[in-house]
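See structure below.
The values are calculated or read from the model by the stated rules, or taken from the named source; none is laboratory data. None of the values given here were measured: they were computed from a predicted structure. Every residue, glycine among them, receives a Cβ derived from its backbone with ideal geometry; neighbour counts consider all protein chains shown. These accessible areas exclude ligands, DNA and RNA; they are computed on the full protein's heavy atoms, side chains included. Shrake-Rupley method; radii C 1.70, N 1.55, O 1.52, S 1.80 Å.
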Amino acid sequence: ESYFIKKNKNPNTSTKKLGLSFSGSQILKRIPSSLAEIILNKLIDKKNLELVYIVSPQDHFYFENKNLILSKVHKVLENLSFKEYLSELENLNFYIGMDSGGAHLVSMYSTPSLIFYNTNFARLTKPM
């Protein structure tokens, strides 16, 4: 488990910061709420782990499942400027999210990630 989580940038704390984003900018790019609940339930009781949900401007999942998110995570980040968004992504120890902008951006910081790719609507979202 700890093998996949990068070291803290802040050596004064043992708490690891796990970023979550369960929706891409398109309505079809989102984790099913049942899967999100399983993920959140597995993570919520982990010691020294801060769950941070990062809301994107068109986060369909968050706006439809706000109560689930608010009941399971430690912090929700909304309405961030792009600079603030990058700063938050840079300071994550791990990221779980959809194949979206956030997933691509955390890769530039070499942040270990679990990325979901949606195939439920492949006939609608396949390449042209």
Margin query: Suppose we filter Ser21, Ser34, Ser71 for residues that are of a type in the set (Ser, Thr, Tyr) and in contact with a Gly (Cβ under 8 Å, 6 or more places away or on another chain); which single one remains?
Written below: Ser21
Check: Are any of the residues in the stretch 106-123 modelled with pLDDT under 90, crowded, with 16+ Cβ neighbours inside 10 Å and more than 11 Å from Gly19 (Cα to Cα)?
Finding: yes
Notebook entry, point to check: In the list Tyr95, Tyr62, which residue meets the criterion of being open to solvent by less than 20 Å² (accessible area, probe 1.4 Å), assigned to a strand (DSSP E or B) and either of a type in the set (Lys, Arg) or at pLDDT 90 or above (or both)?
Noted result: Tyr95
Check: Residues in the stretch 48-59 that are crowded, with 16+ Cβ neighbours inside 10 Å and over 16 Å from Gly97 (Cα atoms): how many?
Finding: 1
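Table: residues versus (1) hydrophobic (A, V, I, L, M, F, W, C); (2) within 12 Å of the chain's Cα centre (by Cα).
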{"position": "Ser34", "(1), (2)": "no, no"}
{"position": "Ile39", "(1), (2)": "yes, yes"}
{"position": "Ile44", "(1), (2)": "yes, no"}
{"position": "Leu49", "(1), (2)": "yes, no"}
{"position": "Val52", "(1), (2)": "yes, yes"}
{"position": "Ser56", "(1), (2)": "no, yes"}
{"position": "His60", "(1), (2)": "no, no"}
{"position": "Asn67", "(1), (2)": "no, no"}
{"position": "Ser71", "(1), (2)": "no, no"}
Check: Could you list, in sequence order, the residues of the stretch 69-92 that are open to solvent by 70 Å² or more (accessible area, probe 1.4 Å) and basic (Lys, Arg)?
Finding: Lys75, Lys83
Note to self: Quick check on my filter: what residues within the stretch 3-47 are β-branched (Val, Ile, Thr), open to solvent by 60 Å² or more (accessible area, probe 1.4 Å) and at pLDDT below 90?
What the structure shows: Ile27
Checklist line | Residues (among the polar types (S, T, N, Q) and within 12 Å of Ser21 (Cβ to Cβ)) located in the stretch 41-78 | finding: Ser56, Gln58
